[in-house]
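Here's the structure we're looking at; comments come further down.
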Amino acid sequence: MKAIVCEQFGDPSKVAGVRHIGHPSPPKDNEVTVQVAYATVSHAIDLLIRGKYQSDPPLPFTPGTEFVGTVLACGQHVQHLKVGDRVMGVARWGCYAQQINVSHHTVYPILPALDWLQALPLTLSYGTAYTALFWKAGLQPSHAVLVLGAGSGVGLAAVELASTTGATVIACASTEEKRALAAAHGAQLVLAPNEALVKKIKAFVRGGVDLIVDPVGAELMETSLSATSHGAQILSIGFAAGRPPQLPQNIMLVKNLSLHGFYYGRYIGWTPNDERLLHEPQMRRMMDTLQRLTLERKIFPTTSNIYEMEALPQALNDLHSRQVLHKLAIKISGDKS
């Protein structure tokens, strides 16, 4: 079967190539074997290939963390899935292969009315936004929410999900196209990341925002701190700008702010203490909720660009250009069902 294989860490255009490898062995008791149809492209994939992610896979390895596909075989302890099921799921790596063995704890059935490319962004981008907003921050309809990086996968998902509650949503994005997209997906105010950002937020929301969703970090978060209300929360989800923000502790103290570091990996088995089993019931309910919100047209998970396996470096280049809207995907098996 075909897979994208990295023999060493480095520039994806130099170290990631399509190879023919052996099929996976029969699944273990708690695993399923999946024929992968599509897998997403993300900034984390680039970091993983370069050896700059939180943890490194053993070499050689196959990248890819989020997939949709069809169940080919089930281990004997698997009860909620069966052969032939259409599924979506996550793995630490390995999804850029035509077949993969993966723990059933992070594999979820796809409702019949959803197609592959609608379901594909739900497990990571929407899962991250949902758990951060509702499980960590306890988002309420009365809150005013500022979403930084609102044109990213997680950012746009946060805009949509916060909007479903009736919360006031302000979106900050780097390009006019991304700001227009955020407005179309529920943001009441869209802003560019410039010197007028805080002034415009405070003119729109008296007292400032109650919650900042920050997948960006660096200067943008440092500036946005001044737009918070007293007692506001900050959700630190990532550092797409390249570094963590330096937040002045005196302002954090005087304004009684709460800073939450949030790592979705806790819920999907990406931490040293594997907590997948602990969170599995709650995660299954969330994945069902996200699919139903999609069918009710309250959220709009979208995969806009599809690349062949050989074009992974081009997909990553397009992603880094910050001109791409919605999620990007690699076509793995060519299954169109």
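For the reader, a short list of remarks on this structure follows.
- Dimensions in Å of region 286-332 - Rg and Dmax from alpha carbons: 13.5, 36
- Each peptide in 104-117, 15-28, 234-247 receives the mean, over its residues, of other Cβ atoms within 10 Å, and ordering these scores from highest gives 104-117, 234-247, 15-28.
- Estimated FRET transfer efficiency when R0 is 41 angstrom, pair R266-A203 (beta carbons, to 0.05): 0.65
- Among beta bridges identified by DSSP and lying wholly in region 88-240, the antiparallel ones come to about 10 percent.
- Per residue, the accessible area of the chain comes to 43 Å², computed with a 1.4 Å probe over protein heavy atoms only.
- Efficiency of FRET between Q76 and R243 - r from beta-carbon atoms, R0 45 angstrom, step 0.05: 0.45
- The distance separating the Cα centre of region 1-63 from that of region 182-236 comes to 36 Å.
- Rg/Rg_ref, region 16-167, where Rg_ref = 2.2 N^0.38 Å and atoms are Cα: 1.15
- Projected label distance in nm at E219 and E308, using a 7 Å step from Cα toward the beta-carbon: 4.1 nm
- Gain upon complete extension [H20, V83; 0.36 nm per residue less C-alpha separation]: 20.2 nm
- Residues L59 and S226, FRET efficiency given R0 of 45 Å [Cβ-Cβ distance, rounded to 0.05]: 0.50
- Principal axis dimensions, largest first and in whole angstrom, of region 140-230 by Cα: 27, 26, 20
- Hydrodynamic radius by Kirkwood, which averages 1/r over all alpha carbon pairs of the chain, in angstrom: 20.4 Å
- For region 77-209: rounded, prolate or oblate by the Cα gyration tensor [a/c cutoff 1.5]: prolate
- Gyration tensor over alpha-carbon atoms, region 154-200, equivalent ellipsoid semi-axes in Å: 18, 12, 8
- For the chain, hydrophobic long helices are taken as DSSP H runs at least 15 Å long by C-alpha position along their axis with mean Kyte-Doolittle hydropathy of 1.6 or more; none is present.
- When the listed pairs K178/K298; K136/K331; K178/K255; K28/K331; K136/K255 are checked against a 22 Å cut-off, the alpha-carbon distance exceeds it for K136/K331; K178/K255; K28/K331.
- Taking a straight Cα-Cα cut-off under 17 Å and skipping sequence neighbours fewer than 8 places away in the same chain, the lysines within cross-link reach of K52 are K14.
- Whole-percent carbon and sulfur share, accessible surface of region 6-108, 1.4 Å: 49 percent
- Alpha-carbon gyration tensor eigenvalues x 5, square-rooted, for region 249-337, Å: 31, 22, 17
- Potential lengthening between F134 and R292 on full extension [0.36 nm per residue; Cα-Cα distance subtracted]: 55.2 nm
The values are calculated or read from the model by the stated rules, or taken from the named source; none is laboratory data. The structure displayed is predicted, hence computed values, not measured ones. Neighbour counts run over all protein chains shown; Cβ positions are idealised from the backbone, glycine included. Areas reflect the complete protein model, heavy atoms only, side chains present, ligands, DNA and RNA absent. Shrake-Rupley method; radii C 1.70, N 1.55, O 1.52, S 1.80 Å.
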